[in-house]
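I have placed the structure first, in the form of structure tokens, so that the comments after it can refer back to it.
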Amino acid sequence: MDLFFNPFDNLVCVLLGISFTVWFTMLLVFIIVPAIFGVSFGIRRLYMKTLLKIFEWATLRIERGAKEKNHPLYKPYSNAIIAKEPTSLEEEIKEIRRSGSNKDLGSTPEFEMSDIFYFARRGVESIMDDEVTKRFSAEELESWNLLTRSNNNFQYISLRLTVLWGLGVLIRYGFLLPLRVTLAFTGVGLLVFLTSVVGLLPNGRMKGFLSEKVHLMCYRICVRALTAIITYHDSENKPKNGGICVANHTSPIDVIILASDGCYAMVGQIHGGLMGVIQRSMVKACPHVWFERSEVKDRHLVAKRLSDHVQDKSKLPILIFPEGTCINNTSVMMFKKGSFEIGATVYPVAIKYDPRFGDAFWNSSKFGMVNYLLRMMSSWAIVCSVWYLPPMSREEGEDAVQFANRVKAAIARQGGLVDLLWDGGLKRAKVKDTFKEEQQKLYSKMLVGTQEDRSRS
Amino acid sequence: MGSRASTLLREEEIEEIKKETGFSHSQITRLYSRFTSLDKGENGTLSREDFQRIPELAINPLGDRIINAFFPDGEDQVNFRGFMRTLAHFRPVEDNEKNKNLSNTEPLNSRTNKLHFAFQLYDLDRDDKISRDELLQVLRMMVGVNISDEQLGSIADRTIQEADTNGDGCISFTEFIKVLEKVDVEQKMSIRFLH
């Protein structure tokens with residue numbers, strides 16, 4: 001009996017040993033070494049092209065299935081559901097009054113019961129479709145990408161599609177996820193270890209050079225840990241020392257995407273736990289701007305530290321996300337003016353994700369960080385485009401808010417995003433009463449304005 | 001497959017809603033998508049807080065009155081049927097519908113029903129007449145702090161004087177219809193769908 005099992009055991013051990021060695025060698029050769037040197041074999045792009053072909057096939061099958069059952073196919077509203085006319089309060093109420101006017105044309109009525117129609121219609125329009133709330137949940141896809149999480153209304157899924165979906169689940173959770181998690185741990189571990197090592201060196205050019213290399217290498221490993229396929233455009237506009245880089249914010253991954261192509265000084269609040277460990281070791285190698293929780297509220301302190309940093313030309317450009325919160329990558333919301341008051345050159349960057357391969361948006365009210373990262377690592381891939389826009393400075397006679405809006409408009413235009421004036425903070429907070437008061441004031445002018453005319457005549 | 005798919009609308013329900021409200025199949029599925037995205041509690045109904053979360057509605061001076069129109073007396077949850085029934089008031093009136101006699105009941109988006117929706121925005125206590133007090137309260141919502149009590153009072157008095165034909169000091173629904181008989185209600189109280 002013993003003799004029978006021993007060679008079998010040996011064989012299994014040998015096979016396991018060989019497969020592990022092969023696995024790690026491949027990992028090293030195909031992923032880690034290219035990450036160190038910043039080159040790419042093009043495997044990820046090939047993977048992306050294959051996936052696209054599969055998605056197209058899946059879409060055709062769903063459409064065919066719908067036609068066979070003779071049911072209308074659900075097309076998600078990527079644009080608006082309803083037609084909204086961009087008329088102002090004054091124009092519309094005047095129109096309503098004009099249509100029902102049984103008075104002579106000379107006197108303008110001060111109040112009509114029909115005025116309420118304007119408010120009623122606007123209110124119900126916003127219930128059917130508003131510009132703000134849809135920015136805080138994941139974008140709906142035009143066609144299914146074989147992920148359960150994005151199957152909102154896609155019925156008519158045939159057997160073949162289900163098989164494909166099952167295969168996808170196997171590949172994503174059985175092969176890609178473990179691979180990515182291994183890489184993530186490697187990347188983060190190396191980052192913490194190597195930055196601490198570099199931190200031991202005396203300050204000088206050598207330290208700066210090494211710190212750059214270490215940061216880039218670890219971020220590149222993290223990029224591969226997410227299977228992120230990034231296309232950088234206009235790299236000649238990359239941010240330089242003494243400047244501030246601003247970008248639209250969709251997820252914490254934005255940082256990894258930008259930092260794997262250039263070196264930045266990060267800005268943020270010090271966290272506890274693993275995040276805190278990473279932050280503390282990063283700052284040993286090169287100066288990042290980390291704030292204690294209590295300091296974050298003090299706007300003057302924040303502004304002073306940031307402007308001190310940009311004035312020192314040997315320090316790296318600061319990376320800031322002025323929206324202050326994650327938006328779902330269909331629009332750009334209000335930029336907080338703090339970073340635009342400092343007076344440094346602003347380098348705008350537009351980041352646009354392709355949602356077909358995996359939705360990068362972090363819906364922080366629905367998912368915690370760990371859950372989010374797991375979802376990221378079990379999607380097909382993260383595909384995005386990064387545009388480096390030409391630098392901008394505050395012009396004469398322009399205040400910080402106008403400057404911020406100008407930069408925001410440039411980013412929105414480049415990324416193909418909707419430019420909104422609404423505050424991203426509306427994700428959690430209530431809207432300020434001042435907006436309602438503005439509307440009330442406008443309407444009051446319509447009622448009272450005519451009184452003044454009457455008293456004059 | 002997935003939690004969203006399990007809350008898909010059944011075909012029978014879509015047909016029922018179509019008959020009751022007149023919305024098309026695609027409009028109903030789209031509005032259902034909207035309903036579920038507003039339903040943060042994921043329990044199939046909307047509360048007043050769910051509506052107030054819409055910033056554009058929260059800054060509307062009559063936002064609270066409009067939200068109230070979705071909740072029949074005393075209740076504070078509205079399901080999808082109720083949601084559609086209220087939204088149906090704003091469906092545009094199509095020409096062929098004006099001649100077609102659908103069923104015994106009047107379609108939800110008829111001129112009278114649209115006017116009734118607006119009437120109920122004024123009628124705070126739902127007693128089918130607009131008193132001077134109610135009119136003042138609604139006016140105050142629309143103008144905020146920008147007009148004095150006396151001015152507002154005189155505006156309310158003048159409005160009631162012009163509309164009140166039976167002299168009871170309140171505006172009934174019939175009087176309301178009479179005052180607005182020339183206004184293009186069908187167009188001003190309609191929302192056009194893009195699909």
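Answer yes or no: is there a residue in region A:410-419 that is touching a residue at least 40 places away in the same chain (Cβ under 8 Å), acidic (Asp, Glu), within 14 Å of another protein chain (Cβ to nearest Cβ) and over 30 Å from A:Val181 (Cα atoms). No: region A:410-419 contains no residue that is touching a residue at least 40 places away in the same chain (Cβ under 8 Å), acidic (Asp, Glu), within 14 Å of another protein chain (Cβ to nearest Cβ) and over 30 Å from A:Val181 (Cα atoms). Is it fair to say B:Glu162 is under 18 Å from the mean Cα position of the chain (by Cα), within 11 Å of another protein chain (Cβ to nearest Cβ) and either surrounded by fewer than 18 Cβ atoms within 10 Å (Cβ to Cβ) or closer than 14 Å to A:Ser444 by Cα (or both)? It is false that B:Glu162 is under 18 Å from the mean Cα position of the chain (by Cα), within 11 Å of another protein chain (Cβ to nearest Cβ) and either surrounded by fewer than 18 Cβ atoms within 10 Å (Cβ to Cβ) or closer than 14 Å to A:Ser444 by Cα (or both). Taken together, B:Asp73, B:Asp50, B:Asp64 contain a single residue that is in contact with an Asp or Glu (Cβ under 7 Å, 6 or more places away or on another chain) and on the phi < 0 side of the Ramachandran plot, which is B:Asp50. Scanning region A:351-362 for residues that are buried (at least 23 other Cβ atoms within 10 Å of the Cβ) and within 18 Å of A:Ala409 (Cβ to Cβ) turns up just one, A:Ile351.
Looking across A:Ile31, A:Ile54, one residue alone is on the phi < 0 side of the Ramachandran plot, part of a helix (DSSP H, G or I), modelled with pLDDT under 80 and surrounded by 12 or more Cβ atoms within 10 Å (Cβ to Cβ). It is A:Ile31. Consider A:Gly243 carefully, then state whether it is touching a Ser or Thr at 6+ places or on another chain (Cβ under 6 Å) and small (Gly, Ala, Ser). It is true that A:Gly243 is touching a Ser or Thr at 6+ places or on another chain (Cβ under 6 Å) and small (Gly, Ala, Ser). Can you find a residue in region A:193-200 that is surrounded by fewer than 19 Cβ atoms within 10 Å (Cβ to Cβ), at pLDDT 85 or above and under 27 Å from the mean Cα position of the chain (by Cα)? There is no residue in region A:193-200 that is surrounded by fewer than 19 Cβ atoms within 10 Å (Cβ to Cβ), at pLDDT 85 or above and under 27 Å from the mean Cα position of the chain (by Cα).
Going residue by residue through region A:316-338, is there one that turns out to be within 30 Å of A:Tyr47 (Cα to Cα) and among the aromatic types (Phe, Trp, Tyr)? No; the residues of region A:316-338 include none that is within 30 Å of A:Tyr47 (Cα to Cα) and among the aromatic types (Phe, Trp, Tyr). Would you be able to say whether some residue in region A:376-397 is within 17 Å of the chain's Cα centre (by Cα), modelled with pLDDT under 90 and in a helix (DSSP H, G or I)? Yes, that holds for at least one residue. Among the residues making up region B:165-192, those that are in contact (Cβ under 8 Å) with a residue 60 or more places away in the chain, within 9 Å of chain A (Cβ to nearest Cβ) and either surrounded by fewer than 14 Cβ atoms within 10 Å (Cβ to Cβ) or farther than 30 Å from A:Asp130 by Cα (or both) are B:Phe176, B:Arg192.
Determine, yes or no, whether B:Gly41 is part of a helix (DSSP H, G or I), away from every other protein chain (no Cβ under 11 Å) and either closer than 18 Å to A:Ile127 by Cα or among the aliphatic types (A, V, I, L, M) (or both). So B:Gly41 fails the test. Take the conditions of a type in the set (D, E, K, R), assigned to a loop (DSSP other than H, G, I, E, B) and either surrounded by 20 or more Cβ atoms within 10 Å (Cβ to Cβ) or modelled with pLDDT under 85 (or both) and apply them to A:Lys366. Does it pass? Here the answer is yes, as A:Lys366 does meet what is asked. Please work out if B:Ile28 is among the β-branched types (Val, Ile, Thr) and under 27 Å from A:Asp115 (Cβ atoms). Considered against the rule, which asks whether it is among the β-branched types (Val, Ile, Thr) and under 27 Å from A:Asp115 (Cβ atoms), B:Ile28 comes out as no.
Please specify each residue of region B:37-75 satisfying the condition of being of a type in the set (Ser, Thr, Tyr) and either surrounded by 16 or more Cβ atoms within 10 Å (Cβ to Cβ) or closer than 18 Å to A:Tyr118 by Cα (or both). Hits for region B:37-75 are B:Thr45, B:Ser47.
Count of region B:70-97 residues, restricted to those that are out of contact with any Gly (no Cβ under 9 Å at 6 or more places or on another chain), part of a helix (DSSP H, G or I) and in contact (Cβ under 8 Å) with a residue 12 or more places away in the chain, is 9. Any residue in region B:52-70 that is more than 21 Å from A:Ser126 (Cβ to Cβ) and not assigned by the TED database to the domain that holds B:Asp164? Taking every residue of region B:52-70 in turn, none turns out to be more than 21 Å from A:Ser126 (Cβ to Cβ) and not assigned by the TED database to the domain that holds B:Asp164. For region A:308-346, the set of residues classified as outside any loop (DSSP other than H, G, I, E, B) and surrounded by 14 or more Cβ atoms within 10 Å (Cβ to Cβ) consists of A:His309, A:Val310, A:Ile318, A:Leu319, A:Ile320, A:Ser331, A:Val332, A:Lys337, A:Gly338, A:Ser339, A:Phe340, A:Val346, listed by residue number.
For region A:282-295, filtered to residues that are part of a helix (DSSP H, G or I) and out of contact with any helix residue (DSSP H, G or I) (no Cβ under 7 Å at 6 or more places or on another chain), the residue that is surrounded by the most Cβ atoms within 10 Å (Cβ to Cβ) is A:Val283.
The values are calculated or read from the model by the stated rules, or taken from the named source; none is laboratory data. No experiment lies behind these values; they were computed from the predicted model shown. As a convention, Cβ positions derive from the backbone with ideal geometry for all residues, glycine included, and neighbour counts pool all protein chains shown.
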